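No lab work stands behind these numbers, since they all come straight from the coordinates. Bear in mind the structure is a predicted one, so any value in this text is a computation, not a measurement. Cβ coordinates were reconstructed from backbone atoms using ideal geometry, including for glycine residues, and neighbour counts include every protein chain displayed.
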């Protein structure tokens with residue numbers, strides 16, 4: 001039977017994560033016919049499996065890996081999954097429902113849930129931060145959303161016609177945002193919160209580095225487009241970043257005996273709190289006051305990394 005969905009999974013040296021993902025897919029219920037294509041992106045691991053496997057000679061990055069997977073796909077729709085997620089039993093079923101219930105839909109993106117197995121602060125903070133952004137804070141007037149490869153699906157013919165992911169990106173940077181812009185020129189990307197995956201987040205430093213790099217490369221895209229969007233780069237988010245950095249810099253100035261900055265710091269602090277109030281209220285209800293206060297402080301540090309990436313991007317774009 002010809003598959004309706006082709007699940008594309010890039011893989012690189014994480015056998016235990018891939019095994020968990022494949023086991024979760026195997027538990028899928030009421031899913032339309034599907035195939036699984038693993039693109040071994042230059043890994044030294046060798047699979048002993050009947051799954052369809054495409055081997056690249058060396059690590060070329062997820063953009064190239066996913067494009068090669070689509071070229072081998074036989075399904076009408078391709079489903080992209082990051083190699084470090086796990087699906088729910090109804091994830092593939094819900095993807096199929098979106099496309100079959102409305103034949104005009106050509107692309108969708110799902111969401112990762114807010115629960116974490118880890119009890120550490122930062123993974124839980126990151127999970128709640130993302131969940132709040134997508135569920136509580138997203139621009140509901142926006143007509144498209146980030147085509148996030150954590151869990152996203154698109155009609156294969158449309159993906160190929162658009163040229164797939166930009167292969168000049170050697171790492172998971174902003175290739176998903178760049179493709180989002182090209183899709184959105186002609187089609188809406190449906191946000192389907194019922195399409196869920198689990199994901200265990202990393203510690204602070206790997207995430208901070210990703211924030212810096214994504215901000216750096218997104219700034220290059222912004223230089224060409226000259227506008228914000230309803231994805232993860234809204235004007236409100238830009239103002240939140242600037243105010244967060246302002247809170248840190250003015251406070252440092254105040255501690256450096258520039259006492260006249262005290263009033264300015266209070267103003268900037270209040271402005272920033274107003275911008276992040278939805279997240280703070282959400283976190284307070286989820287985890288309590290102490291967790292909320294820690295989240296506020298760690299958020300300031302992350303905004304500094306984002307701002308540094310933007311600043312570097314602006315300098316390099318000149």
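The table for this structure:
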| item | result |
| --- | --- |
| Computed label-point distance, nm, for sites residue 289 and residue 161 using a 7 Å Cα→Cβ extension | 5.7 |
| Area projected by the alpha carbon convex hull of the stretch 64-198, averaged over all directions, nm² | 8.7 |
| Gap separating the Cα centres of the stretch 253-318 and the stretch 48-91, nearest whole Å | 38 |
| Förster radius 22 Å - calculated FRET efficiency between residue 143 and residue 223 (Cβ-Cβ, nearest 0.05) | 0.40 |
| Protection-proxy order for peptides 52-63, 207-218, each taking the mean of Cβ atoms within 10 Å per residue, highest first | 207-218, 52-63 |
| Order by protection proxy (mean Cβ within 10 Å, highest first), peptides 22-31, 257-266, 186-195, 271-280 | 186-195, 271-280, 22-31, 257-266 |
| Relative contact order of the chain, defined on C-alpha pairs under 8 angstrom at six or more residues apart (%) | 18 |
| Percent of beta bridges antiparallel (DSSP, the chain, rounded to nearest 5) | 35 |
| Mean Cβ count within 10 Å, highest first, over the residues of peptides 219-229, 11-21 | 11-21, 219-229 |
| Cα-based convex hull volume of the stretch 241-309 per residue, rounded to whole Å³ | 84 |
| Per residue convex hull volume, Cα atoms of the stretch 39-142, in Å³ | 177 |
| Residue-averaged 222 nm ellipticity for the chain, from DSSP H runs of 4+ at -39500 (n - 2.57), nearest 500 | -16500 deg cm²/dmol |
| Nearest-0.05 FRET efficiency for residue 186 and residue 263, computed from C-beta distance (R0 41 Å) | 0.25 |
| Compactness index (Cα Rg / 2.2 N^0.38 Å), the chain | 1.05 |
